Amino acid sequence: MVSDFFYPNFGGVENHIYLLSQCLIKLGHKVVVLTHAYGNRSGVRYMTGGLKVYYVPWKPFLMQNTLPTFYGTLPIIRTILIREQISLVHGHQAFSTLCHEALMHARTMGYKVVFTDHSLYGFADVGSIHMNKDCHQKRLVYRKGADLLVEVIPEVCRMYPNVRFIVGGDGPKRVRLEEMREKHSLQDRVEMLGAVPHAQVRSVLISGHIFLNSSLTEAFCIAILEAASCGLLTVSTRVGGVPEVLPDDMIVLAEPDPTDMVQAIKKAISILPMIDPQDMHNRMKKLYDWHDVAKRTEIVYDRALKCSNQSLLERLSRYLACGAWAGKLFCLVMIIDFLLWRLLQLWKPAEDIEVVPDIVLSHDEDRGISQDFQAFNKDHSLR
Amino acid sequence: MVESCISNKIYSYKHECKWPNSEAADVHNIIVRKSRSKGFLVFFSALLILANVILLFLIKDKSIAVVFWSFIWDVLIVKLLLRKPVEKESVVVMPALGVQLETHYVSGKIIRRFVPIDKILKPVLLECVTPVTCYWSLSLIIQEEAELMLVFKELRPPVKMLVPIWKALCAATGSEGSLNTFTDDGPCC
């Protein structure tokens, strides 16, 4: 798995990579994650289940992205792919430069690749580019529509005297919400919790009845899934992939406009008595499951592995078709990549790169993992 | 008495047992093998550059200073690229006393570092990641020291040569050979 976004960063992409990797390990695959170094966290680390993470010491230059050098990451990626005996490279997130470079080098070296886009790009929509900004989960930032909340909350508090709001999370827009609270004297009606650790999110959610999501852009929105699992009725803006996440009876959708949102909240409050939280939870349990996601991803991997090997000329002819000038530029970039790869093969042949022995989990998995050098030694002990 | 020997293109590993009837000392050597092709390549390219400059001087009437500086530059490049000061690095394991780490240079200089046995907490095999490559290294965790002590300071032998040395160090220091080499870093969810 390659991405600029991984632990210790928190977010949708990071969680996706981690949980998918864990489920794939349980299905018997070997998973290695490649990301850039975060501060002091550089080198090899191991996570639960023997998930190996390479924190490559390339400094991020903008919003957690490594500096795009086109060919700079070729040596380290080649070394890692050979030493870990990788068969398929899975890149995550359109914003990640490391991901794109890794996929390019992997294709040059003949590996099969899979790409998951976690943004709203879709490759056809240019307009959404302006809206996509890098954020943390439950963050009070422009993309998450904190400005919408500032309009909606006072109106709802005025209409319904017994409605209280609990706001969890932190970010640049928190100040605006605080100001709104002061302005309308809603200190006893609006509770600001600040940043909520992930382990405590559930206990915060179950104290409520309706979950309000005011995002202006959202590819998927795991937050509303979490809310539905806790038995909350969701009110959300009709943006991106949100309408496809929950069944129609668990969500009330609205346009990203204060008036429409207030109407939606009104509707939600009226249908609230008919909601059974336990029933909602049971339904959600069956709808979404990371093991199911892993199995579906495995099917995609199998299809990718079955694709035929393409020679350099075949690939270049595909790039040429991208455009009059763009096609030629892409071809040039790929030819240089190919030549650099050949040069690397002469400088440091693949036989000189040692294969890493496989991790063997000890019986006490809580205490750590052991590396079975006994088996390794038998193959390579004497010449 | 040579007990075992492993070699590859760059290094060769020799395990010797001094005074085989007692367990006084165990010597593990990593010796750098001389490479002829690299030397030939460097000399040839230096010669090519010099010939080029001399030709320029003779045909295009460039000043002799250019030839002179180019010659100096060539000598510096050759010295830099062919500089192989390290002949071998050794680890002498004395079970009751400690571990002596030696670096033998081609010039005859020997640098020795001794670590008493009770100061060694654990020998560890780690993977080091640089911006361009990834390699194994053998280090010692020393009591009351924040930094790890590298067993091989100058050389980067392959892991198949490091494993027997690591096992010997584990046996001498009494640490368990294969458990708890890595710690668990999980997210807080």
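Of note:
- Single condition A:Ile251 does not satisfy, out of (1) more than 22 Å from A:Glu178 (Cβ to Cβ); (2) touching a residue at least 40 places away in the same chain (Cβ under 8 Å); (3) out of contact with any Lys or Arg (no Cβ under 8 Å at 6 or more places or on another chain): (2)
- Qualifying residues in the range A:34-54 (those that are without any contact (Cβ under 8 Å) to a residue 40 or more places away in the chain and crowded, with 22+ Cβ neighbours inside 10 Å) - the one farthest from A:Val201 (Cα to Cα): A:Tyr54
- Flag if A:Leu361 is more than 8 Å from chain B (Cβ to nearest Cβ) and either modelled with pLDDT of 65 or more or within 18 Å of A:Arg83 (Cα to Cα) (or both): no
- The requirement of being of a type in the set (A, V, I, L, M) and modelled with pLDDT under 85 is satisfied by A:Leu140.
- Exactly one residue out of A:Phe376, A:Phe330 is modelled with pLDDT under 90 and assigned to a helix (DSSP H, G or I), and it is A:Phe376.
- Per this entry, A:Ala219 is not counted among residues that are touching a residue at least 12 places away in the same chain (Cβ under 8 Å) and under 21 Å from A:Val167 (Cα atoms).
- Considering residues of the range B:123-140 that are polar (S, T, N, Q) and outside any strand (DSSP E or B) only, the residue surrounded by the most Cβ atoms within 10 Å (Cβ to Cβ): B:Thr133
- Any hit, the range A:213-226, residues being within 14 Å of another protein chain (Cβ to nearest Cβ), within 20 Å of the chain's Cα centre (by Cα) and farther than 23 Å from A:Leu272 by Cα: no
- Residue within the range A:51-73 that is more than 8 Å from every other protein chain (Cβ to nearest Cβ) and assigned to a helix (DSSP H, G or I) present: no
- Each residue in the range B:164-187 was checked for being in a helix (DSSP H, G or I) and either of a type in the set (S, T, N, Q) or at pLDDT below 50 (or both), and 1 pass.
- Taken across the range A:286-307, residues that are more than 28 Å from A:Val31 (Cβ to Cβ) and part of a helix (DSSP H, G or I) do not occur at all.
- Checklist (1) at pLDDT 85 or above; (2) surrounded by 15 or more Cβ atoms within 10 Å (Cβ to Cβ); (3) within 17 Å of B:Ile120 (Cα to Cα) applied to B:Pro157, failing item: (3)
The values are calculated or read from the model by the stated rules, or taken from the named source; none is laboratory data. Keep in mind it's a predicted model, so treat the numbers as computed, not measured. As a convention, Cβ positions derive from the backbone with ideal geometry for all residues, glycine included, and neighbour counts pool all protein chains shown.
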